[in-house]
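Computed from the coordinates by the stated procedures, all read-outs in this text should not be read as laboratory data. Given the structure is predicted, the values throughout are model-derived calculations rather than measurements. Quick reminder, even Gly has a Cβ in these numbers, built from the backbone with ideal geometry, and neighbours come from all protein chains shown.
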Amino acid sequence: MSVCTRCGATFQCGQTDPRTSGPCWCVALPPAVPVPGSAAVGCWCPACLQAHIATLTPPVKAITSAN
């Protein structure tokens, strides 16, 4: 389990948990940039990361593969 460096919630991070198979859940989200001046460095839980992405302007779109 990982701990969100923004809110302290615990969550499963596919990058750090050797028991997971496949990529982390966060790779399905649009890319985000760090919050300037934030002390919260590291992985964020799904709720915090999604909330941060929602505040970005212009809105970013998820990358989808063309099949």
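Some values worked out for this structure:
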| quantity | calculated |
| --- | --- |
| Protection proxy ranking of 16-23, 4-11 - average other beta-carbon atoms within 10 Å, highest first | 4-11, 16-23 |
| Taking W44, W25 and counting other C-beta atoms within 10 Å, the order from fewest to most | W25, W44 |
